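Before any comments, here is the structure.
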Amino acid sequence: AVQNPFIPRPNEQSGHWMKPRISLRRQADLVKKARAAGLVHLLPPGPKLGQAVIEEAKKEWETAKLKEGEVEEAGSSRHNVEEGPTIGWAGEWHVRKVAGADIGARLYAGKKRMFKGHKWQRELRKRQAAIGVRLRDMEKRVHRWR
């Protein structure tokens with residue numbers, strides 16, 4: 001198995017964690033270029049590319065390969081990318097479960113309020129309720145004042 005260059009790993013001698021050989025910025029660039037070339041299925045899983053995406057890309061590549069084979073049988077001279085040996089990547093990338101990620105509200109998931117806000121925003125409802133009570137009783141107040 002080949003060591004996955006996208007994930008950190010412990011040093012065998014010292015036990016200290018080593019950073020990934022390929023930085024997050026370069027990983028993002030590699031993923032973009034692999035998507036453009038249709039070779040995402042050859043990359044290892046990591047922070048910028050999940051295992052589910054790789055599996056989906058493998059299926060797409062296999063269906064494209066089958067279609068390409070049908071076209072070649074029909075007499076087309078299209079370039080065929082040969083499939084190399086499958087690579088066994090050492091090390092696992094664990095995807096963190098983040099509350100609210102499925103609905104797109106990761107930041108405020110599990111919170112009572114959406115944001116702290118300004119003081120006038122926090123007190124607005126209470127103040128509007130008090131104003132409503134005063135306006136409701138305004139006729140009586142005006143009559144008493146006169």
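Just checking, which of Pro20, Pro45 is farther than 18 Å from Thr86 by Cα and of a type outside the set (Asp, Glu)?
Pro20
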Please state which of the following conditions Leu43 fails to meet, knowing it meets all the rest: (1) open to solvent by less than 80 Å² (accessible area, probe 1.4 Å); (2) free of Cβ contacts under 8 Å to residues at least 12 places away in the same chain. (2)
Quick one: is Arg26 surrounded by 13 or more Cβ atoms within 10 Å (Cβ to Cβ), in a helix (DSSP H, G or I) and in contact with a helix residue (DSSP H, G or I) (Cβ under 9 Å, 6 or more places away or on another chain)? no
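The values are calculated or read from the model by the stated rules, or taken from the named source; none is laboratory data. Computed from a predicted model, the values in this text were never measured in an experiment. We place every Cβ from the backbone using ideal geometry, glycine too, and count neighbours over all the protein chains shown. These accessible areas exclude ligands, DNA and RNA; they are computed on the full protein's heavy atoms, side chains included. Shrake-Rupley method; radii C 1.70, N 1.55, O 1.52, S 1.80 Å.
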